[in-house]
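Everything on this sheet refers to the single structure shown next.
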Amino acid sequence: MITLEMVEKLCSKADVTYDEARSALTEADGDILEAIIALEKQGKVKAPGNGGKYSSQEAYTPLSADTAPENAHKHRQHTDYKNSKKCSGCIKNFVHWCGRIINKGNNNFLDVIKEGQTIIILPVSVVVLLLIFAFWIVIPISILALFFGYHFSFRGQELGNEKVNSLMEKVSKTTDNIKQEIKHDLE
């Protein structure tokens, strides 16, 4: 049985006329969600953007002590299920994000160059791992390498751009200038 309340609810959710809502509910045997889907297929309702979805349920409101305690367990189960779905979605998104970062790190490289010849090519992900787990070794060796005439440059889709490499070139030139000043002071 289709009630006035159901028709009004469909009218407000789907932004259709009273007659369209009533006939859609009749065709859907009183199921509001099915009626919205039918109206969408007829072109009377625009589909929600960005992968959204329709819901015929009202937003969840917490139960107070005086409202339907016999249904409280159903609400808790529903809330627990929704929270577990959110958590698993967050974990899934985090894993995908980590995969994208690792992929970018494996597709971009740090070249160590001396006198125009490439000496070492390392994926950026390896460089990052070395910096995380052995920074007390990697940083001093990198600074010494600069003073011994080694230069660093990046290549790859994300890091192989002019801004990053011009910064690396400035660092190399600065160390060359420091070396020249030290030589000049010693003479």
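If each residue of separation counts as 0.36 nm, what is the full-extension length gain between E8 and K179 once their alpha-carbon separation is subtracted? Don't skip to the answer; put the middle values down first.
On the way: separation 171, 0.36 × 171 = 61.56 nm, distance 8.08 nm.
Result for the pair: 53.5 nm of gain on full extension.
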Does a label point 7 Å from the Cα of E187, set along Cα-to-beta-carbon, have any residues of region 132-150 with amide nitrogen under 19 Å, and which are they? 148-149
Sort 124-130, 138-144 by packing, meaning the average of other beta carbons within 10 Å per residue, with the highest value first. 124-130, 138-144
Among 179-187, 29-37, how do they line up from the highest to the lowest mean number of other beta-carbon atoms within 10 Å? 29-37, 179-187
If we sort 170-177, 15-22 on the protection proxy, mean other Cβ atoms within 10 Å, highest first, what's the order? 15-22, 170-177
If the chain between L122 and R155 were fully stretched, how many nm would it gain, using 0.36 nm times the residue separation less the Cα-Cα distance? 10.8 nm
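Do any chymotrypsin sites (Phe, Trp or Tyr not before Pro) in region 96-159 lie in a DSSP loop with no more than 16 other beta carbon atoms within 10 Å, and if so, which?
Details: sites: W97, F109, F133, F135, W136, F147, F148, Y150, F152, F154; in loops: F148.
Of the chymotrypsin sites (Phe, Trp or Tyr not before Pro), the ones in loops of region 96-159 whose Cβ has at most 16 other Cβ atoms within 10 Å are F148.
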What does the extension gain come out to for K92 and M1, with contour length at 0.36 nm per residue minus their alpha carbon separation? 28.5 nm
Quick one: if the Förster radius is 45 Å, what FRET efficiency do D31 and E162 give, using the C-beta to C-beta distance and rounding to 0.05? 0.15
Obtain the nm distance between the two label points defined at K104 and Q42 by a simple spin-label model: each point lies 7 Å from its Cα along the Cα-to-C-beta direction. 4.8
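The numbers here are math on the coordinates, done by the rules we state, and not lab data. Quantities reported herein were computed from a predicted structural model and do not represent experimental measurements. Positions of Cβ are backbone-derived with ideal geometry, glycine not excepted, and every protein chain shown enters the neighbour counts.
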